[in-house]
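The values are calculated or read from the model by the stated rules, or taken from the named source; none is laboratory data. Since the structure is predicted, the reported quantities are computational estimates derived from the model, not experimental observations. We place every Cβ from the backbone using ideal geometry, glycine too, and count neighbours over all the protein chains shown.
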Amino acid sequence: MLTFAQFERELTSERTKDKLLERAKKGMWNGGSAPYGYERKNKKLIINKKEAEIVRLIFENYLETGSVNEIYDVLKKKSFKNRQGKTT
């Protein structure tokens, strides 16, 4: 009985992984919060232009300065807000 149970568990795991991979190939989001800079519409990730500008600013500043603290200071100075409406 234990052998059959283990086989069934492995088979279920394999099916789940295959299903998630197929969804990803179709460009569908597999769950969780959408990454900052994106929003979820019709189970797909769409670029959020306002947030994407902030992400670009962060990357450009990091390439220039190499400092996370300076990026934080720039974001705080410009008083950008996160998704919950709180200042960073």
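The numbered conditions (1) of a type in the set (Ser, Thr, Tyr); (2) within 17 Å of the chain's Cα centre (by Cα); (3) not in a loop (DSSP other than H, G, I, E, B) are all true for SER33 except (3).
In region 32-44, of all residues being over 21 Å from ARG56 (Cα atoms) and loosely packed, with under 10 Cβ neighbours inside 10 Å, the one that is modelled with the highest pLDDT corresponds to ASN42. Exactly one residue out of GLU53, GLU22 is under 25 Å from LYS78 (Cα atoms) and either under 13 Å from the mean Cα position of the chain (by Cα) or modelled with pLDDT of 85 or more (or both): that is GLU53.
Kindly indicate whether any position in region 4-11 is part of a loop (DSSP other than H, G, I, E, B), loosely packed, with under 11 Cβ neighbours inside 10 Å and over 19 Å from the mean Cα position of the chain (by Cα). No, that holds for no residue.
Answer yes or no: is there a residue in region 50-68 that is out of contact with any helix residue (DSSP H, G or I) (no Cβ under 9 Å at 6 or more places or on another chain), on the phi < 0 side of the Ramachandran plot and surrounded by 15 or more Cβ atoms within 10 Å (Cβ to Cβ). Checked against the condition, which is being out of contact with any helix residue (DSSP H, G or I) (no Cβ under 9 Å at 6 or more places or on another chain), on the phi < 0 side of the Ramachandran plot and surrounded by 15 or more Cβ atoms within 10 Å (Cβ to Cβ), region 50-68 yields at least one hit.
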